[in-house]
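In what follows, a structure is listed as structure tokens, so that the remarks can point back to it.
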Amino acid sequence: MMDPSQLGDSGSGDKTRVLIIHVYFGVPLLLICYTWGLGNVGQLGHCSLQSGDKELLPRRVVSLDGVFIKDISCGGVHTCALTTKGALYTWGGGQAGQLGLGPVSGFFSCKHNESDMMLRNIPILVIPAGVQLVACGHSHTLVFTKEGRIHGWGYNSYGQAANEKCTYAWYPSPVDWCVGEVRKLAAGGGHSAVLTDACSLKELCEFRLAESVNLANAYEIEDVASRTGSDALARLCERLREHMLDGENHRLSNDEFDV
């Protein structure tokens, strides 16, 4: 018999559910976040941390009232919320670093001691701006930023957090090999995936594999950017135009353009 606390189960096995209700108060649109299910390590965002704690029906995450949320994602024991301005909030269990809070201070860190790093029973601001997409795996987190980079952190035993150096990635690690326009992120238990624009990906690979990118092919790149709607190529064109305005007729090495 189905546990009523798992109302809306999608078959993924996760025991925490999140619901966003659309409420119109003019413009912009305010979305209200509701959670239900298992909340024993704070993943519901309702302050309680009691063993076996659960919500049988959707309950509003009051600490996000007034925050313009546009997307949410649930992991094994953690939850993320993304705002319309690109801010990222996380809460729940962070034993593997999936909350992005530590262990010491930094751009993606908000707490200074280890105990606070492990659990957050209410949403905490982790990244103030610039995030466009978010995906929670079982114990890791991925984001895509407006700079055109994917960052990952959390449990990384199989490389799912995109960090080649550690098992527990406490800090975001950029995925430099991912070029093209990212349309969607997905994260599982021990793996991750990304959906990109195939046309812009092909064109970007051709330019990246070339010996260099120079001002002579700036118009060609701009044409491809226009045809594909590629923001990454548009950023590259802007950098080339800046060099033109500076009167520099030199070449940009592969290391100089990160798209």
Identify, from the list Gly66, Gly86, Gly45, Gly37, the residue that is on the phi > 0 side of the Ramachandran plot and at pLDDT 95 or above.
Gly86
Could you please find all residues in segment 137-181 being at pLDDT 85 or above and among the hydrophobic types (A, V, I, L, M, F, W, C)?
Leu142, Val143, Phe144, Ile150, Trp153, Ala161
Read through the list (1) farther than 24 Å from Ala186 by Cβ; (2) at pLDDT 95 or above; (3) among the polar types (S, T, N, Q), then give the number of the only condition that Thr79 fails.
(1)
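The values are calculated or read from the model by the stated rules, or taken from the named source; none is laboratory data. Since we're looking at a predicted model, the values are computed, not measured. So basically every Cβ, Gly included, is an ideal-geometry build from the backbone, and we count neighbours across all protein chains shown.
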